[in-house]
Amino acid sequence: MNASPTRVLVLAGGISHERDVSLRSGRRVADGLLAQGKDVELRDPDASLLPYLRESKPDVVWPALHGASGEDGALRGLLDLIGIPYVGSRADAARLAWDKPTAKALVSRVGVRTPLSIALSRDSFRELGAHSILDELADELSGDLVVKPAQGGSAQGVSIVSDRSDLPRAMVNAYNYCDVALVEQRITGVEIAIGVLDSGMGPVALPAVEIVPIEGAYTFEARYNAGQTDFYTPARIAAKDADRAAEAALAAHSALGLRHLSRVDMIVDGAGTPWFLEANVLPGLTETSILPQALVAAGHDLGWVYSALAEAAIEGP
């Protein structure tokens, strides 16, 4: 008698700012798993999720939840608590990567370059004098700046500041998404993302994807609306620079303790140096997302990858 197919619960949706993206990612993961013969259920998490998990006991959970609900470590910690395997990084590693200032500090310790930056809470920004702080930022962080929420993804709340007068608005924009804003020197160069895949044989860097937004900035709209961004896989950089970037991506993945899959966002400057921006423990898996493009470029079938990761999660650790 044939063994029953692996029962996979795909979680998608949630209540974060990235709900719609998550639903699209989850549908594509579910379709890929179904094509591999898995017994798949697609569920939007709500207050009934934990009782449902205890009752139904799926073999593995495939979280396709973007934003805080899927990437800050909370859900993963609960799954650990009730003993259900899941795809992706452990709770502690997810928490480290979710907080951009923390991730930058850990990755810089292993020798990967990351732009000079400062993290400012909303309270400190107000109590220490917004005008004084803005003057210091403009003086000490020379050139263009990037202001972003310290936590979050999909470029929501991110501003590029070329004129000092635009800095206050950029801070407010970031604070709309998080109580801490990260102000970072802007590195100019080729914007790339490198996926890291580990289905049980050790982490491997996928081909670098070069990102060229039509309108100049890789905004939320440019990420998820077809035709607003040109992608080049592999990236149009020298082979030696691509190798350095791949090494940096693997170093970041390891420094943060990530598992199964991640996406490391970087800028390669004119000298060929890769600069770490952030790491994503659950990259977008929509039809316009970067990681699926890299997987296909590396010769992988997407359904096979999603299935292999589910089996790796069941086998542990």
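Karplus couplings for segment 257-268 from phi (6.51 cos²θ - 1.76 cosθ + 1.60, θ = phi - 60°), rounded to Hz, Gly and Pro as x?
x, 6, 9, 6, 7, 7, 10, 10, 9, 9, 10, 9
Antiparallel as a % of all DSSP beta bridges within the chain, to the nearest 5?
Given both bridge residues lie in the chain, the antiparallel proportion sits at roughly 75 percent.
Residues of the chain: accessible area per residue at 1.4 Å, in Å²?
45
Assuming R0 = 30 Å, what is the FRET efficiency of ASP163 and THR102, from their Cβ-Cβ distance, to the nearest 0.05?
The value I calculate is 0.50.
Could you pull the Rg and Dmax for segment 1-130, using just the Cα atoms, both in Å?
My reading of the Cα-based Rg and Dmax gives 18.4, 72 Å.
Relative to the Cα centre, what is the charge dipole magnitude of the chain, using +1 at the beta carbon of each Lys and Arg, -1 at the beta carbon of each Asp and Glu, and rounding to the nearest 20 debye?
Around 520 debye, computed over the chain.
Out of residues 5 or more away from GLU278 or on other chains, whose amide H comes under 5 Å of its own, with H placed 1.01 Å from N in the peptide plane?
Here the answer is ASP265, since their amide H atoms fall under 5 Å of that of GLU278.
So what's the chain giving for Rg/Rh, alpha carbon basis, Kirkwood Rh from the mean inverse pair distance?
My calculation puts Rg/Rh at 0.98.
With no solvent and one equal point scatterer per Cα, compute the Debye intensity ratio I(q)/I(0) for segment 144-294 at 0.10, 0.11, 0.18, 0.19 Å⁻¹ and report its log10, rounded to two decimals.
Reported log10 I(q)/I(0), two decimals: -0.35, -0.42, -1.13, -1.25.
Roughly to the nearest percent, how much of the accessible area of the chain is carbon and sulfur, given a 1.4 Å probe?
Of all accessible area on the chain, carbon and sulfur atoms account for 52 percent.
Under a crude label model (7 Å from the Cα following the beta-carbon direction), how far is ARG109 from ILE314 in nanometres?
3.6
Determine, from the Cβ-Cβ distance of ASP44 and LEU78 and an R0 of 25 Å, the FRET efficiency 1/(1 + (r/R0)^6), rounded to the nearest 0.05.
Computed FRET efficiency for ASP44 and LEU78 comes out at 0.95.
Can you give me the C-alpha center-to-center distance between segment 172-197 and segment 68-82, rounded to a whole angstrom?
23
Based solely on its DSSP helices, what 222 nm [θ] is calculated for the chain when runs of n ≥ 4 H residues each add -39,500 (n - 2.57) and the sum is averaged over all residues, nearest 500 deg cm²/dmol?
It comes out at -11500 deg cm²/dmol, rounded to the nearest 500.
The values are calculated or read from the model by the stated rules, or taken from the named source; none is laboratory data. Quantities reported herein were computed from a predicted structural model and do not represent experimental measurements. Quick reminder, even Gly has a Cβ in these numbers, built from the backbone with ideal geometry, and neighbours come from all protein chains shown. Side chains included, ligands, DNA and RNA excluded: accessible areas come from the protein's heavy atoms. Shrake-Rupley method; radii C 1.70, N 1.55, O 1.52, S 1.80 Å.
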